[in-house]
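The values are calculated or read from the model by the stated rules, or taken from the named source; none is laboratory data. Computed from a prediction, not measured in an experiment: that's the story for all the values here. All Cβ positions, even for glycine, are placed from backbone atoms using ideal geometry, and neighbour counts span all protein chains on display. Remember, those area values only see protein heavy atoms, side chains included, never the ligands or the DNA or RNA. Shrake-Rupley method; radii C 1.70, N 1.55, O 1.52, S 1.80 Å.
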Amino acid sequence: MENKNSEIIVYSTAWCSDCKRAKKFFGEQRISYKNIDIDENPEFVSVVEKINNGMRAVPTIVFPDGSIMTEPTNAELAEKLGLNTIAQRKFYDVIIIGGGTSGLTASIYLAREGLDTLVIERGALGGQVGVTQMMDNFPGFDQGISGADFADRLGRQAKRFGVEVIQATEVSGISKENTGYLCVSTRPRNNYGCKAVLFATGAHYRRLGVPGEDALIGSRVHFCGTCDGAFYKDKHVLVVGGGNSGFEEGLFLTKYASQVDIVEFMPEVKASKIIQDKVFSLPNMSVTVNHSIKELVVEGRNNLAGIKVEDRATGEIKTWHHDGIFIFIGLLPNSELLKGVVELDKMGFVVTDKTLMTAIPGLFAAGDVRSGSTKQAASAAGEGATAALMIRDYVRSIG
């Protein structure tokens, strides 16, 4: 089938779990695509049926080269996109779990020290920084740099020094072997041995935890403006969160939405002044403080019929109307793999000593997932470099 567009086209429906999974996969890999909901655009039903010999099968995905995949697995999508998902070897000096700023920085330092290094990343290289619209405060970029560009540069730099990278790969376990080495297991059934592991899995955005949220995630509730902003061209969206992330994502969403409103739970926003000034200078953006979201009103399968909010000063309940909602209210650590394995703090962040090593010899942690980290890109890079030097010394000490 000829695809006259230069982007991937995903024919989907809001109720299809495989559609959500495929779109999530593209979002995690930061791969742009055009989504066509055939329930909302019935004129495309015949296109899907023609492709699938009369069957209304979704997701049906058409690639720029004209090739088509129907109901593909994540592994099949990874292969189509040319992503390496299986490592070349079974043993490395160091395995880094997480290809964000900390992990990639550490890999560069380790490779330059002559250590065989493998980076395992389930999404796109760069982590959270890859979906940041603009980084104005990272040293060395006097004009700023987009998060996507910064992430791409980090990935290329790591590979230039010989770091092996596998993507779209999820780690299922970390264990200590009788040999004293560590074993990293990935899904479905691959095991890799190493002398040391750096756990640099980062963090993810918190949810609201209100009625209606779960039913709308992926259709009207989002956590990534870069991934899903294009769905809201000329529409009204609400951004929840008055920190830097909320303001930056709000600014990015103005590329698509005709109106972007920001709401903050506390009486004052926490975004830096320079970002606040940009937001307040735009006529199609507004900021409301001291309001709490109580419920997302769901109508039908995936329609956001209203957003119930409480004015925390007066107790008044209001109903706002937006086409979609983007949530940026803080981070939770991606530390599930280490629960019951090493010490975590009360929020679930990984506890380390001053060398960034956990209670398990050879298992280190750095970046946003580590307890006490500052959740800033520059400090994440610094922790990555520090962890690499500590790991180098550790590997030398065990011979």
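It is to be established whether one or more residues within segment 83-96 are under 30 Å from residue 365 (Cβ atoms) and at pLDDT below 90.
Kept after step one, since they are under 30 Å from residue 365 (Cβ atoms), are these residues of segment 83-96: 83-96.
Right, trim to at pLDDT below 90 and you get none.
No: segment 83-96 contains no residue that is under 30 Å from residue 365 (Cβ atoms) and at pLDDT below 90.
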Review point. Tell me, which strands (runs of 3 or more DSSP E) wholly within segment 266-318 include 2 or more residues that are in contact with a Leu (Cβ under 9 Å, 6 or more places away or on another chain) and over 30 Å from residue 137 (Cβ atoms)?
Key: 291-299, 303-311
Check your understanding: What about residue 260, is it within 24 Å of residue 26 (Cβ to Cβ), open to solvent by less than 30 Å² (accessible area, probe 1.4 Å) and out of contact with any Pro (no Cβ under 6 Å at 6 or more places or on another chain)?
Key -> yes
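Anything in segment 330-347 that is assigned to a loop (DSSP other than H, G, I, E, B), without any contact (Cβ under 8 Å) to a residue 40 or more places away in the chain and within 17 Å of residue 174 (Cα to Cα)? List them, or say none. Before you say what the answer is, go through the steps one by one.
First, pick out the residues of segment 330-347 that are assigned to a loop (DSSP other than H, G, I, E, B): 330, 334-335, 339-343, 345-347.
Restricting the remaining residues to those that are without any contact (Cβ under 8 Å) to a residue 40 or more places away in the chain gives 339-340, 342-343, 345-347.
If the condition is that a residue be assigned to a loop (DSSP other than H, G, I, E, B), without any contact (Cβ under 8 Å) to a residue 40 or more places away in the chain and within 17 Å of residue 174 (Cα to Cα), then 339, 340, 342, 343 are the ones that fit.
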Practice item. Could you grab the pairs with beta carbons closer than 8 Å, sequence gap of 6+ or different chains, first residue in segment 379-394 and under 14 Å from residue 355 (Cβ atoms) and open to solvent by less than 40 Å² (accessible area, probe 1.4 Å), second one polar (S, T, N, Q) and not in a helix (DSSP H, G or I)? Key: 383/373; 394/355
Check your understanding: How many residues are buried (at least 19 other Cβ atoms within 10 Å of the Cβ) and among the hydroxyl-bearing types (Ser, Thr, Tyr) if we restrict to segment 47-84?
Key -> 1
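Scanning segment 215-231 for residues that are part of a helix (DSSP H, G or I) and open to solvent by less than 10 Å² (accessible area, probe 1.4 Å), which turns out modelled with the lowest pLDDT? Steps first, answer last, please.
Taking segment 215-231 and keeping what is part of a helix (DSSP H, G or I), we get 215-216, 225-231.
Subsequent filtering for residues that are open to solvent by less than 10 Å² (accessible area, probe 1.4 Å) retains 216, 225, 229.
Details: 216: 88, 225: 82, 229: 86.
Only one residue tops the list, namely 225.
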Exercise for review: For residue 246, work out the one condition from (1) open to solvent by 40 Å² or more (accessible area, probe 1.4 Å); (2) closer than 20 Å to residue 209 by Cα; (3) not β-branched (Val, Ile, Thr) it doesn't fulfil.
Suggested key: (1)
Exercise for review: Just one of (1) open to solvent by 60 Å² or more (accessible area, probe 1.4 Å); (2) closer than 24 Å to residue 131 by Cα trips up residue 325, so point out which.
Suggested key: (1)
Practice item. Say whether the condition of being assigned to a strand (DSSP E or B) and under 27 Å from residue 22 (Cβ atoms) is met by at least one residue in segment 102-117. Key: no
**Study point:** Subset of segment 147-189 [touching a residue at least 12 places away in the same chain (Cβ under 8 Å), over 23 Å from residue 25 (Cα atoms) and assigned to a strand (DSSP E or B)]
**Key:** 174, 176, 182
